[in-house]
Every structure is written in C-alpha cells, then in structure tokens.
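Asks: Could you have a look at this structure, given as structure tokens, before my questions?
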Amino acid sequence: MSRAKVYVTRRIPQPALDLIRPVADLSMWDREDVPPPREVILREARQVDGLLTLLTDRIDGQVMEAAPRLKVVSNFAVGFDNIDIPAATSRGIVVTNTPEVLTDTVADFAFCLILAAARRLVEADGYTRAGKWKTWEPLLLAGQDVHGATLGLIGLGRIGSAVARRAKGFEMRVIYYDPYRRQDLETSLGIEYRPFTDVLRDADVLSVHVPLSEQTRHLIGREQFGMMKKTAVFVNTSRGPVVDQRALADALASRRIFAAGIDVFEQEPIPADDPLLRLDNAVVAPHIASASVPTRIRMATLAAENLVAVLQGRRPPNPVNPEVLKT
Ligand code: DGY
C-alpha cells in the first residue's frame, strides 16, 4: 500500500509535523504570514489523502471535488465555518477541529479585552506615550468598572462558561442567553439564564461566544446595539460576521455604547480604512484570542493527531461530522 499524502496549508509548529511525518508524505505551504492562494490549495488537494487547514482556507465542494483521495480535513481551530461540512459529509470526508485546548486561553483574552476596553487601556497607553499627560485629573481617561458589573454572555459553550468563571473572580453578576439552557452550569457557576433581549438590555459588559452559522450571522446589529446601555462594553472573540461591523462602528462613534474590544472582523485582515480603526473607544486585535505559545502548539498537535487517526483508520479525537465514521 502506498504511503498517505498530506498537505499542510501553513508552516505550523514542529511537534505537529513530527506526528505526521512517520505516517504520511507531507508537503506544506512554506510561509507563516500569508495563506496559500486558492489555486495552490486546488492543485495540492488533487493528490492528497489529508489536508491540515487553517481558518483562513476556504475548503468547499470545489476543493473536495478536486480531491478524489481526500479522507480528512483537519482544521487547526475550534471554529470550522471555513469548511463546507455538508459537502464533506456527503463525500464521506471526515472533518475535525481543535476544541478544549484553547478554551482557557481564549477566555483569558476575552477578559483582557473586557478590561482593556472598559478601562481605556490602549487609549491611555497612546496618551502617555504621546506626551499628553500634564497632571493628575479627576476624570482623566475615566472608564467603567468591571468588578461588580453585570456580564451578559451570548453563548454559553466551553468558552462562554470559562469567561463566566473568570467573571466570578471579579464579583460580577453573570447573565447569559444560549438556545440551549444549561441549568447544570446555572447552579455550579451561579449564573442566570435570561432571554436574548434582556441580556442585551441588562448587561454592563456583553461578550459574544457563538459559532458562525446562518442563524448567528449579524446576530448583533443596529437594533441590538440600540438596546444596550450607553455605558455598555461590547466584546467579540467569536467570529466577525456574527456582528454587523458597520452598526458596531456607528454605535461606538455616536457613543451609543461606551467601548468595544474586538478580536474578529467581518473581513480579515480588517481593511486599513475601516471606520472601526479610527475610533479611540475600540480596542482591536488581529484574531489572536487563542495565541499563547503553549496553546497554539497544543492546537497544532491536536490537529495532527486528528489527521493521523483518520489516516490510520482510527476514530479521531475531535470529529465534527462523526456520522461519516465507520468505527
Ligand atoms: C478558533 O480556533 O476557531 C479561533 O478563532 C482561533 O483560535
């Protein structure tokens, strides 16, 4: 039997490559800073049994059609909205992701954005460096308190609940909306379920933790920003298109809400002329919520483990479409 072939769509940490090499011939897009162009993915897919992809690669029916041997698409991310799952399932291709290993790192970063936006940290840093600091002033760069505030979570999956746990350390009241009510977590974390609009209205800090789907696209738009408190701090570490970014920029510019901390955008990278980038009450980051060195290594190795398991005919740790597995 010939050895399996794998294409890895970006340079990834060595421990992950070390797991793949004994099992498959590996070729890799040898850059870290830009994704492979579409035509490269289409060309490489033709001869491989496995693809290890990033969230920047669109793996749709066209790619799968070009890849007659493809058995597995292992995504180096917990989110998998870049992959057409029904197209994979209908062809018997296993799709896997990397949940759990990034939960606490992303929750740390959500909290980092909450604190930075509420307390105007980035603005304060710029102000100090620019030599604008003349004296101690009673309301200089005054922000909103995080401790004791009400945190509203939209989505109470793994990451949402990890943010809730952190919030308890800040003595916050935590309310949440999720289509799946979690009474077990309500009891264990001391949090309250509320209808969606109540969470929008009552939260001092709102943090979004839902996957991107047709149901969640533009879940937060003009109408929803209109319901929030004028002092609200809004944070998104999920996926950009969950939020209507133009409506967010307008809400911030008009001071309809107080501030935002945003790690994900409708278009990534965000264009340099996007209105959001001109606002001093927006703290922005380039989709790095899971970017700690240990976590990115764990994500890479888990993606490799998933890939290798399928190639060896074993059940992978994290199938997204388990119905295609025979074991
Ligand atoms: C994911 O894994 O889906 C994040 O967005 C990147 O860590």
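Asks: Does at least one position in region 276-287 carry a residue that is open to solvent by 20 Å² or more (accessible area, probe 1.4 Å), under 30 Å from residue 21 (Cβ atoms) and within 14 Å of the ligand (Cβ to nearest atom)?
Replies: yes
Residue by residue, here is whether (1) out of contact with any Lys or Arg (no Cβ under 8 Å at 6 or more places or on another chain); (2) under 30 Å from residue 302 (Cα atoms) holds:
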{"position": "116", "(1), (2)": "yes, no"}
{"position": "134", "(1), (2)": "yes, no"}
{"position": "143", "(1), (2)": "no, no"}
{"position": "150", "(1), (2)": "no, no"}
{"position": "164", "(1), (2)": "yes, yes"}
{"position": "167", "(1), (2)": "yes, yes"}
{"position": "188", "(1), (2)": "yes, yes"}
{"position": "194", "(1), (2)": "yes, no"}
{"position": "203", "(1), (2)": "no, no"}
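Asks: Something else about it: Is it the case, given these coordinates, that residue 163 is over 26 Å from residue 220 (Cα atoms) and either within 16 Å of the ligand (Cβ to nearest atom) or at pLDDT below 95 (or both)?
Replies: no
Asks: If you check 295, 301, 231, which single one turns out to be out of contact with any Cys (no Cβ under 6 Å at 6 or more places or on another chain), over 30 Å from residue 16 (Cβ atoms) and either in contact (Cβ under 8 Å) with a residue 40 or more places away in the chain or within 15 Å of the ligand (Cβ to nearest atom) (or both)?
Replies: On the way: 295 fails: over 30 Å from residue 16 (Cβ atoms); 301 fails: over 30 Å from residue 16 (Cβ atoms).
The match here is 231.
Asks: Separate question: Scan region 14-30 for residues that are buried (at least 17 other Cβ atoms within 10 Å of the Cβ) and not aliphatic (A, V, I, L, M) and jot them down.
Replies: Scanning region 14-30 gives a single hit, 29.
Asks: Please verify whether residue 167 is at negative phi and assigned to a helix (DSSP H, G or I), treating the condition exactly as stated.
Replies: Yes; evaluated as a whole, the condition is true for this residue.
Asks: Then there's this: From the set of residues in region 50-98 that are in a loop (DSSP other than H, G, I, E, B) and free of Cβ contacts under 8 Å to residues at least 24 places away in the same chain, which is farthest from the ligand (Cβ to nearest atom)?
Replies: In the first step, residues of region 50-98 are kept if they are in a loop (DSSP other than H, G, I, E, B); the result is 54-58, 60, 66-71, 76-82, 84, 91-93, 97-98.
Next, only the ones that are free of Cβ contacts under 8 Å to residues at least 24 places away in the same chain stay: 67-68.
Working: 67: 23, 68: 28 Å.
For region 50-98, the residue satisfying everything is 68.
Asks: Then there is this: State which residue is most open to solvent (accessible area, probe 1.4 Å) when the search covers only region 33-51 and only residues that are of a type outside the set (Val, Ile, Thr) and within 24 Å of the chain's Cα centre (by Cα).
Replies: Checking each candidate, the answer is 33.
Asks: Condition check: within 16 Å of the ligand (Cβ to nearest atom), touching a helix residue (DSSP H, G or I) at 6+ places or on another chain (Cβ under 9 Å) and either closer than 20 Å to residue 110 by Cα or of a type in the set (Gly, Ala, Ser) (or both). Does residue 257 satisfy that?
Replies: no
Asks: Considering each of 301, 327, 231 in turn, give the residue that is modelled with pLDDT under 95, more than 23 Å from residue 156 (Cβ to Cβ) and not charged (D, E, K, R).
Replies: Sole residue among the options that is modelled with pLDDT under 95, more than 23 Å from residue 156 (Cβ to Cβ) and not charged (D, E, K, R): 327.
Asks: Condition (residue is under 22 Å from the mean Cα position of the chain (by Cα), crowded, with 20+ Cβ neighbours inside 10 Å and not acidic (Asp, Glu)) applied to region 139-149: is it met by at least one residue?
Replies: The answer is no; no qualifying residue exists.
Asks: Restricting the first residue to region 127-156 and requiring it to be farther than 27 Å from residue 221 by Cβ, which pairs with a second residue that is open to solvent by less than 100 Å² (accessible area, probe 1.4 Å) and among the basic types (Lys, Arg) meet a Cβ separation below 9 Å and a spacing of at least six or different chains?
Replies: The qualifying pairs are 127/120; 141/120; 142/120; 148/173.
Asks: Okay, next question. Residues being assigned to a helix (DSSP H, G or I), open to solvent by less than 30 Å² (accessible area, probe 1.4 Å) and either under 18 Å from residue 268 (Cβ atoms) or among the aliphatic types (A, V, I, L, M) (or both): count how many of those fall in region 208-258.
Replies: Residues flagged as assigned to a helix (DSSP H, G or I), open to solvent by less than 30 Å² (accessible area, probe 1.4 Å) and either under 18 Å from residue 268 (Cβ atoms) or among the aliphatic types (A, V, I, L, M) (or both) within region 208-258 amount to 9.
Asks: How about region 295-313: which of its residues are open to solvent by 70 Å² or more (accessible area, probe 1.4 Å) and out of contact with any helix residue (DSSP H, G or I) (no Cβ under 8 Å at 6 or more places or on another chain)? Can you show your working first?
Replies: So the first thing to find is which residues in region 295-313 are open to solvent by 70 Å² or more (accessible area, probe 1.4 Å), and the list is 296, 298, 305, 312.
Correct list: 296, 298, 312.
Asks: Continuing with this model, one more query. State whether one or more residues within region 166-173 are free of Cβ contacts under 8 Å to residues at least 24 places away in the same chain and surrounded by fewer than 17 Cβ atoms within 10 Å (Cβ to Cβ).
Replies: Checking region 166-173: at least one residue is free of Cβ contacts under 8 Å to residues at least 24 places away in the same chain and surrounded by fewer than 17 Cβ atoms within 10 Å (Cβ to Cβ).
Asks: Could you check, for region 29-49, whether at least one of its residues is hydrophobic (A, V, I, L, M, F, W, C) and either in a strand (DSSP E or B) or within 15 Å of the ligand (Cβ to nearest atom) (or both)?
Replies: no
The values are calculated or read from the model by the stated rules, or taken from the named source; none is laboratory data. Because the structure is a prediction, the values reported are computed rather than measured. All Cβ positions, glycine included, derive from the backbone under ideal geometry; neighbour counts span all protein chains shown. Only protein heavy atoms, including side chains, enter the accessible area calculation; ligands, DNA and RNA are left aside. Shrake-Rupley method; radii C 1.70, N 1.55, O 1.52, S 1.80 Å.
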